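The values are calculated or read from the model by the stated rules, or taken from the named source; none is laboratory data. In this text the structure is predicted, and so the values were computed from the model without any measurement. Backbone-built Cβ (ideal geometry, glycine too); neighbour counts: all protein chains shown. Ligands, DNA and RNA are stripped out before the accessible areas are found, and what is left, the full protein with its side chains, is counted by its heavy atoms. Shrake-Rupley method; radii C 1.70, N 1.55, O 1.52, S 1.80 Å.
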Amino acid sequence: MDEEDERVPVSADVDLGRAALLPDIDRPGAWLLTLDGSPQSYVDLDDPEYLEFEYVRRLGHVVDLAAPGAGPLDLVHLGGGALTLARYAEATRPGSRQYVIEADAALTALVRRHLPLPAGSAVAVEASDARAALAALPAESADVVLADVFHGALTPAHLTSVEFVADAARVLRPGGFYAANVADGGALDFLRGQVATARAVFPYACLIAEREHLDGERFANAVLVAGRAGLPVGEIAARAAADPYPAVVLDGRDLDAFAAGRPAVTDDTATGSPAPPRGVFGIG
């Protein structure tokens, strides 16, 4: 495929819907991946350290702070999309071993065909259900587990329960981080329940979100971070505050107050994330 062809939009039916790869006219190497019209990933092949989506930038902060310096990590990505964070970690932490679980095999094939990983990449992608694949991983085998699984615009119910989070905790090493992308709006009932669920498993947690989101003014993405050891909350907060769309970080008593009275979600009570309103995230 020559350079001119690479800049032509591509669309195809995949396992979970209709995918499209759309070139960004402002960045010569950048592409937007959508599924049924919902933005899924943004990747710049020329600059994999560039993270366009704000929630992805916040997940990138977690990767940056998971260990001192720029040494390699063992990362598990639940949800692959265009492999944005896997490309980011490969660029910022060379030598990292990365395992990506993406249920949509046809989507992965489309991405790898048109947006190939660099030659010699140490990123392994498995076509599987995220929870089933997570359950098969050895205990204490990962430094970071990143949960960013959406079927279209919704996170499946079985990836929202305390049993699921407990399995992520099993896979993490004692100082490891669990980080999840959580979409919600309005009264934020779903987000509050996800905070309570993480707190039922991990002794430490914090929430990264824009103030307007926490005030219920709009539907958006928040990043929930948890671990068995203390979190670098101050460093996370400083990075989030300096982002193009600044965010705040809730932890300690503020996070307790945010989730007050909410029970942990179990497999028996789990529901998927709420559907975004029309027009949010580009959904018509």
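Regarding residue 146, is this residue closer than 30 Å to residue 219 by Cα, open to solvent by less than 30 Å² (accessible area, probe 1.4 Å), of a type in the set (A, V, I, L, M, F, W, C) and not in a helix (DSSP H, G or I)?
yes
Is at least one residue of segment 155-173 open to solvent by 10 Å² or more (accessible area, probe 1.4 Å), in contact with a helix residue (DSSP H, G or I) (Cβ under 8 Å, 6 or more places away or on another chain) and in a strand (DSSP E or B)?
Looking through segment 155-173, none of the residues is open to solvent by 10 Å² or more (accessible area, probe 1.4 Å), in contact with a helix residue (DSSP H, G or I) (Cβ under 8 Å, 6 or more places away or on another chain) and in a strand (DSSP E or B).
One line per residue, one yes/no per condition, for (1) of a type in the set (Ser, Thr, Tyr); (2) at pLDDT 95 or above; (3) touching a Pro at 6+ places or on another chain (Cβ under 9 Å):
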{"site": "148", "(1), (2), (3)": "no, yes, no"}
{"site": "152", "(1), (2), (3)": "no, no, no"}
{"site": "163", "(1), (2), (3)": "no, yes, no"}
{"site": "195", "(1), (2), (3)": "no, yes, no"}
{"site": "210", "(1), (2), (3)": "no, yes, yes"}
{"site": "223", "(1), (2), (3)": "no, yes, no"}
{"site": "234", "(1), (2), (3)": "no, yes, no"}
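Which condition number does residue 186 fail, the rest of (1) open to solvent by 10 Å² or more (accessible area, probe 1.4 Å); (2) assigned to a helix (DSSP H, G or I); (3) more than 19 Å from residue 137 (Cβ to Cβ) being met?
All conditions pass for residue 186, except number (2).
Is there any pair with a first residue in segment 1-12 that is surrounded by 11 or more Cβ atoms within 10 Å (Cβ to Cβ) and modelled with pLDDT of 95 or more and a second that is in a strand (DSSP E or B) and not small (Gly, Ala, Ser) whose Cβ atoms are under 8 Å apart and which are 6 or more apart or on different chains, and what are they?
That search, which allows pairs on different chains as well, returns 10/21; 11/18; 11/21; 12/18.
If I ask for residues that are in contact with a strand residue (DSSP E or B) (Cβ under 8 Å, 6 or more places away or on another chain), among the hydrophobic types (A, V, I, L, M, F, W, C) and open to solvent by 40 Å² or more (accessible area, probe 1.4 Å), which ones from segment 242-276 would you list?
Hits for segment 242-276 are 248, 275.
Among the listed residues 117, 110, 65, identify the single one that is open to solvent by 20 Å² or more (accessible area, probe 1.4 Å), touching a residue at least 12 places away in the same chain (Cβ under 8 Å) and more than 30 Å from residue 213 (Cα to Cα).
Result of the check over 117, 110, 65: 117.
Taking the stated definitions as given, is residue 140 of a type in the set (Asp, Glu) and surrounded by 20 or more Cβ atoms within 10 Å (Cβ to Cβ)?
no
Given the conditions (1) in contact with a helix residue (DSSP H, G or I) (Cβ under 7 Å, 6 or more places away or on another chain); (2) closer than 29 Å to residue 24 by Cα; (3) of a type in the set (Lys, Arg), and given that residue 192 satisfies all but one, which numbered condition is not satisfied?
Residue 192 satisfies all of (1) in contact with a helix residue (DSSP H, G or I) (Cβ under 7 Å, 6 or more places away or on another chain); (2) closer than 29 Å to residue 24 by Cα; (3) of a type in the set (Lys, Arg) except (2).
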